[in-house]
Amino acid sequence: MAYIDLTPQAMSAVCVILFFEVVAWLFLLAYCIRFKVKAVYIVLYALGTIVAFIWLCMLLSVHAAIFGNGDFSGIEPLKDIPLSAVTVILVLACVLLTVGFIHFAYHRRTNLSLMSIKESVDKLPVGLCFYDGKGMSLLYNKIANDISLSLFGNEIMNGEEFWENVLTLKIPESCKVIAAGDTPIILTESGKAYAFKRTEHNFDKRTIYEITATDVTREYRLSTEISDVNAELKKMNERLIEYGDNINRLTREKEILNAKINIHDEMGKLLLATKNRIKNDKGLKSWELITLWQNTVKAFGYLKDEKVEDGLTDLKKAAESIGICVVINGDMPSCDEPAYTICLKALHVSITNTASHADGDKISVDILTSGSAYEIAISNNGKPPTGNIVEGGGLSSLRMLVERANGEMQFVYSPKFLLKIKLPILKGGVYDRKI
C-alpha cells in the first residue's frame, strides 16, 4: 500500500505529526548548542532534524500534488512511497526523540546552567541581589524583588539604588523601622521582618556587591514577647517592693500599737495603785510609785520619738546598747529606696557578727556614690577572721537581697575583715538594670 492511498485526513495527520517531530528535533539541537553539550549529540540531533525535515517536505509535496488536480510533474518518484516506509520513519523518529528528551532531562539535572542557578536562587529562604560597581543588577531572586515591590513600589533595576533606599529608610508609613544603621531591620506591611546586609566580593579585579535580606520575623516576635514579659516583670517587681514596704510599715505600726496598749494597761494598773495608796495608804510605797510613773513617762517619750526616728537611728541605738559604735561616712540611700533597706540589713548583720565573733566595739560604714551605683564597705575594729567565712543565715539572706537587686557582694579578709556591697542606683521605683 502506497502513501497516496491514504485518505486526505490521514495524510494531513501524518504531516502534522512529522511537523511536530521536526520542531522537537530543532529544540534538542538548539539546547545542545546553547549549553555546549558534547559534539556527538549535536551531530545526531542535527541529522535527525535534517532527515525529519526532508521527509516532511516530501510528504507535503505529495499532499500538494493530490490536492492540485493530481499533477505530479517533477515528483513522479514520490507517488510510489510505501506507507510502511512513512510509518517506520514516524515511529523511529518518536523513539529517537524520546531518547533525546531523556538525555535532555538527565543533562539538566546533572549540569549547572544559568537557568538552574536562577531557579536555585529563587528557592532560597533569603532575599539575594548581586550587582556590579556601576549598580547594574546581575542576579536577584523573587524574595528580593518582592521586598523591593513592597517597600519601594518598583522592581530591582539598580542594585546600588535599592541599597541606598534601604539605608535611607525610604519606606511607606505602613512599614516600620526596627533597627537603622549599616544593617537595618525593616518590618514590611505583610508583617514580615527582614534584616539587610551588604557584602563586597572581589573577582578578577572586579567588585561585586551582595545584598542579603534575612527573614527575622520569628526572632522579632520573640524579642517583642520578651520585652512584654520584662515589662510585666518590672511591674510585678514594683508591686512586690511596695508590698514589702507595706508589710514593714504595718509590722512596725502593729508593734507600736501593741506597745501603746501595754503602756496603757500598765498605766491603768498604776492609776489604781496610786488611788489605793492615796485613799487607803496601802500597797506600793511612795518612792516605788514615783519610779513607776517616771518609767511610764519615759515610755510615752519613746513612743513620741518613734514617729520621727527611722530604722538607722533604731539600729544605732541597739548597737550602743551592746557597746558598739556605728560610724557612717558618706550619704545613705534615701529611705524610699530598696538600697536603704539592704544597707540596714548589712549593718544589722555586721553588728551581730562583730559582737558575736570579732569582739569589736566600732563599725565603720563607707558609702560612695559612683556613677550609677552605690559602693558600700563595712568594716570593724575587732579580730579578723582566721579563715574563710562560711555564710550562715544572716549573710546568706543578705546575699539573696543583694543579688535580687542586681548587686554584688564580696568579702576581703586581709589586713582586716571588709564586707563590700555594690548596688545599682534606683530608677523608676525598681532595679531595672544590672551594674
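Laboratory data are not the source of any read-out in this text; all were calculated from the coordinates shown. As the structure is a prediction and not an experimental result, all values here were calculated from the model. Virtual Cβ from ideal backbone geometry, glycine too; neighbours counted across all protein chains shown.
Phi angles across region 201-214 convert, under the Karplus curve 6.51 cos²θ - 1.76 cosθ + 1.60 with θ = phi - 60°, into 3J(HN,Hα) values of 10, 10, 10, 6, 6, 10, 8, 10, 9, 10, 10, 10, 10, 8 Hz, Gly and Pro given as x. Among the trypsin sites (Lys or Arg not before Pro) found in region 2-61, those both in a DSSP coil and sparsely packed, with 13 or fewer other Cβ atoms within 10 Å of their Cβ, are 36, 38. The H on the amide N of residue 139, modeled in the peptide plane, is under 5 Å from the matching H of 130, each at least 5 residues off or on a different chain. Sequentially through region 336-341, phi angles give Karplus couplings (6.51, -1.76, 1.60; θ = phi - 60°) of 8, 9, x, 4, 5, 5 Hz, Gly and Pro residues having no value and appearing as x. For the peptides 314-325, 141-152, the ranking by packing is 141-152, 314-325, with the highest mean count of neighbouring Cβ atoms within 10 Å listed first.
Quick check: from the Cα gyration tensor, does region 123-215 come out rounded (a/c under 1.5), prolate or oblate?
Working: a/c = 1.82, a/b = 1.70, b/c = 1.07.
Here region 123-215 falls in the prolate category.
If you take the square roots of the eigenvalues of the alpha-carbon gyration tensor of region 117-174 and sort them as a ≥ b ≥ c, do you get rounded (a/c under 1.5), prolate (a/b over b/c) or oblate? Here region 117-174 falls in the oblate category. Evaluating 6.51 cos²θ - 1.76 cosθ + 1.60 at θ = phi - 60° for every residue in region 147-159, the Karplus couplings come out as 5, 4, 5, 5, 8, 10, x, 8, 6, 7, 9, 10, x Hz, glycine and proline recorded as x. Overall shape: prolate for region 310-435, with the ratio a/c of the largest to smallest alpha carbon gyration tensor axis at 1.5 or above and a/b above b/c.
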